[in-house]
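What follows draws every value from the coordinates through simple rules; no lab data is involved. Nothing here was measured: the structure is a model prediction, and the numbers come from that model. Cβ sites come from the backbone with ideal geometry, for glycine too, and all protein chains shown count toward neighbours.
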Amino acid sequence: MKRTRRGVLRSIGAGTAVAVGGVSTVSAAPPRDGETIADIASNDGRFKILVAALDEADLVETLDGNRQLTVFAPTDASFDNLLSDLGISKEQLLERDDLAEILTYHVAPGRRDAESVTTSDEVPTLNGAKIYVDGTVLNGGQAKIFETNIEASNGYIHAINGDNVDGAGVLLP
C-alpha cells in the first residue's frame, strides 16, 4: 500500500491530537497523591465526633474522593459545646434526621485557602446555603476559624471552634 504525504501527515496529526487530548484529560483530574480530607480528619484526634458523624451520615466517601472541597471542621470541643447547649448526647446527635444537612453545611465546593475564605463575605456550601464570613468569624459568631490551611490532596480543612465567639463552634444552617 502506497502512502501519500497527505495520508502520513493526517496520521501524525491524529496521533498528536490523541496524545495531547489524553494528556489534557489526565492533567485535568485533581491530584490524588497524599492524604484526603477524610484521611486527615480520621488521623487527627481533635475531630473524633466529626468523623463519627460523617460515617453515620454516609459522607466519608464524599470527603475521600478527588473532588476539591473545603471543610470547616468543628473540633470535639465544639461538638461538646453544642451537645451541652442542646442538652443531648453524642448518640442523639448522630441519630438526627438532619445530620447530613448540618455536615454538608460545613463543606464548600472548591479548594479555598485561608486568604480566599477570610477575604470573602460569604462562602457557598454543599447543602445550598451560605456561610457568612467576617475575617475568621463565621455566621455572626456561631464559630471562629482557629487553624487554617490544613492541606489535603483534595482540598483544605479549616478547624473551627467556639472560643471567643457567641456560638458553640458548630455551624447550623
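Segment R96..E61, full-extension length gain: 10.6 nm, with 0.36 nm per residue of separation and the alpha-carbon distance subtracted. Taking the alpha-carbon distance from K90 and a cut-off under 20 Å, which aspartates and glutamates remain once sequence neighbours fewer than 8 residues away in the same chain are dropped? Within the straight-line cut-off, K90 pairs with D44, D55, E56, D58, D76, D80, D98, E101. Restricting the chymotrypsin sites (Phe, Trp or Tyr not before Pro) of the stretch 99-165 to loop positions (DSSP other than H, G, I, E, B) with no more than 16 neighbouring Cβ atoms within 10 Å leaves nothing. With a ≥ b ≥ c the root eigenvalues of the C-alpha gyration tensor of the stretch 39-122, is it rounded (a/c under 1.5), prolate (a/b larger than b/c) or oblate? Prolate shape, in that a/c is at least 1.5 and a/b is the bigger ratio. Summarising the label geometry, the points placed 7 Å from Cα in the beta-carbon direction at D166 and E151 lie 3.7 nm from one another.
Assign one of three labels to the stretch 62-173, namely rounded, prolate or oblate, based on the Cα gyration tensor with a ≥ b ≥ c the square roots of its eigenvalues; rounded applies when a/c is under 1.5, prolate when it is not and a/b is larger than b/c, and oblate otherwise.
Working: a/c = 1.75, a/b = 1.28, b/c = 1.36.
Taking the square roots of the gyration eigenvalues as a ≥ b ≥ c, the stretch 62-173 is oblate.
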